[in-house]
Amino acid sequence: MKQEGHIRRFLKENFLHFNAATLVDAANGYEAHIHAGGKMLISLAGAMSTAELGISLAQMIREGKVDIISCTGANLEEDVMNLVAHSHYKRIPNYRDLTPQDELDLLNNKYNRVTDTCIPEEEAFRKIQSHIEKIWKTAEANNQRFFPHEYMYQLLLSGVLESEYEIDPKNSWLLAAAERNLPIVVPGWEDSTMGNIFASYVIKEELQSSTVKSGIDYMVWLADFYEKNAVDQGIGFFQIGGGIAGDFAMCVAPMLEQDLEKTNILKWRYYCQITDSTTSFGSYSGCIPNEKITWGKLDIDTPSYVIESDATIVAPLIFAYVLNK
């Protein structure tokens, strides 16, 4: 048996109560689910790629501990931006003290702020744009249509960006996913920067909107994936944050059962959410797992955990635990 890693041992010895104990319970549940032969979906909300979650998530992907990802368009593109423009990022530790004028100055200097980190527009967005534009236009010329993540896979696997890498590529979760051809769903891709850029080409009549497959196409694909893989131990759901990345993917189970009237559909067989959203009226991001039972998403015996904390702290610790670091 492999010797217990330092981080794993530290967590077991010190994280004994409250949210800390739930973290360890959730990590043990994750491990038990995949060791029993279950599959795992990870959903990424917020700006986890800019928070450099790829440092730990890429290793989870490469070691086969993730089977599918649901993420926002922002997380999809921001991992690539970090890969090719990392040295140009600006960190602002005192971001809470910025005035409106400070924010405007950042904009005028072509920096887009995400909490304490500013993404450099020219070195990040524009560096990718010229390459992805060619891939979109080539697909359209060949009467082909692909999902947003498939275009990004083509970009990374083409090698055209390799000379631009500014971090160790082993820390890019999207590159790790591309190398495995990991299934990804990207609901609401249209509100990302690359989605906005693509829309601008449609408006200029340089591309057809149908060249990029839509959210409905993703749901149709996901329904087929879920029905084929939600067998035996089923699929678990590890949700980082809330929002569309989580709700879109989770809805596939009740859709199959209630709308397609299929029988014997397994609901999600493990559930963990890391959230700092306050439980409140009408808040999906803050609702407790039991509410999901009423929507046909979880079953009454689905192991469920809610860790009320910062995902940039919690997720890498859980991944380190599962990886036995």
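Looking only at GluC sites (Glu not before Pro) in DSSP loops with at most 15 other Cβ atoms within 10 Å, what is the longest site-free stretch of the chain?
It works out to 64-165.
How big is the dipole moment of the chain about its Cα centre under a simple scheme where the beta carbon of each Lys and Arg is +1, that of each Asp and Glu is -1, and everything else is neutral? Debye, nearest 20, please.
In debye, rounded to 20, the chain gives about 680.
Quick one: length gained pulling Arg113 to Ile167 fully straight, 0.36 nm per residue minus the C-alpha distance?
17.4 nm
Compute the distance in nm between two label points, each set 7 Å from the Cα along the Cα-to-Cβ direction, one at Leu260 and one at Ser277.
2.6
Enumerate the residues in segment 225-255 having an amide nitrogen under 13 Å from the point lying 7 Å beyond the Cα of Ala36 toward its Cβ.
Answer for this model: 231-237.
What are the ³J(HN,Hα) values, in whole Hz, obtained from phi via the Karplus relation 6.51 cos²θ - 1.76 cosθ + 1.60 with θ = phi - 60°, for each residue of segment 47-52 in sequence order, with x given for Gly and Pro?
10, 5, 5, 5, 6, 6
In terms of modelled amide H atoms, which long-range or inter-chain residues lie less than 5 Å from the amide H of Glu166?
When sequence neighbours closer than 5 places are left aside, the close amide H contacts are Val84, Ala85, His86.
Bin by bin, in steps of 5 Å, what percent of the Cα pairs in segment 144-276 do you find, going until the bin that has the longest distance?
Answer for segment 144-276: a P(r) of 2, 8, 15, 17, 19, 16, 12, 7, 3, 1, 0 percent.
Given only helices, namely DSSP H runs of n ≥ 4 each adding -39500 (n - 2.57), what is the per-residue ellipticity at 222 nm of the chain, to the nearest 500 deg cm²/dmol? Walk me through the numbers on the way to the answer.
On the way: 13 runs with 142 residues, N = 325.
After summing the helix terms and dividing by residue count, I get -13000 deg cm²/dmol.
Over the chain, give the accessible area per residue in Å² for a 1.4 Å probe, as an integer.
47
Using only protein heavy atoms and a 1.4 Å probe, report how much of Ser209 is accessible, in Å² to the nearest 10.
Answer for Ser209: close to 80 Å² accessible.
Between Asn19 and Val220, with labels modelled 7 Å along Cα→Cβ, what's the label distance in nm to one decimal, could you check?
4.2
When we measure straight from the Cα of Lys325, which lysines land under 17 angstrom away, once same-chain ones fewer than 8 places off are left out?
The qualifying lysines are Lys2, Lys12, Lys65, Lys170.
Can you give me the span-like helices of the chain, meaning DSSP H runs with 24 Å or more of Cα extent along the axis and Kyte-Doolittle mean at or above -1.0?
Membrane-span-like by this rule: 18-35.
Test of the criteria: in segment 78-138, which trypsin sites (Lys or Arg not before Pro) are in a DSSP loop and have at most 13 other Cβ atoms within 10 angstrom of their Cβ?
Numbers: sites: Lys90, Arg91, Arg96, Lys110, Arg113, Arg126, Lys127, Lys134, Lys137; in loops: Lys110.
Answer by residue number: there is no such site.
When the chain is treated as a GNM, springs tying every alpha-carbon pair under 10 Å, which of Leu156, Leu106, Leu174 comes out with the largest mean-square fluctuation?
Residue with maximal mean-square fluctuation among Leu156, Leu106, Leu174: Leu106.
Using a 1.4 angstrom probe on heavy atoms only, work out the carbon and sulfur share of the accessible area of segment 181-325 in %.
About 52 percent, which is the carbon plus sulfur part of the accessible surface.
Would you mind checking which residues have amide H under 5 Å from Gln239's amide H? H placed 1.01 Å from N; only 5 or more apart, or other chain.
Ser43, Cys272, Gln273, Ile274
For Asp299 and Arg91, compute 0.36 nm times the residue count separating them, minus their Cα-Cα distance, and round to one decimal in nm.
Difference between extended and current length: 70.6 nm.
Sort all Cα-Cα distances of segment 35-75 into consecutive 5 angstrom bins from zero, then give the percent of pairs in each bin up to the one containing the longest distance.
So the P(r) values, bin by bin, are 6, 22, 29, 25, 11, 5, 2.
The values are calculated or read from the model by the stated rules, or taken from the named source; none is laboratory data. In this text, all values refer to a predicted model and were calculated from it rather than measured experimentally. Counting neighbours? That spans all protein chains shown, and the Cβs are built from the backbone with ideal geometry, glycine included. Just so you know, the surface numbers come from the protein's heavy atoms only, side chains and all, with ligands and any DNA or RNA stripped out. Shrake-Rupley method; radii C 1.70, N 1.55, O 1.52, S 1.80 Å.
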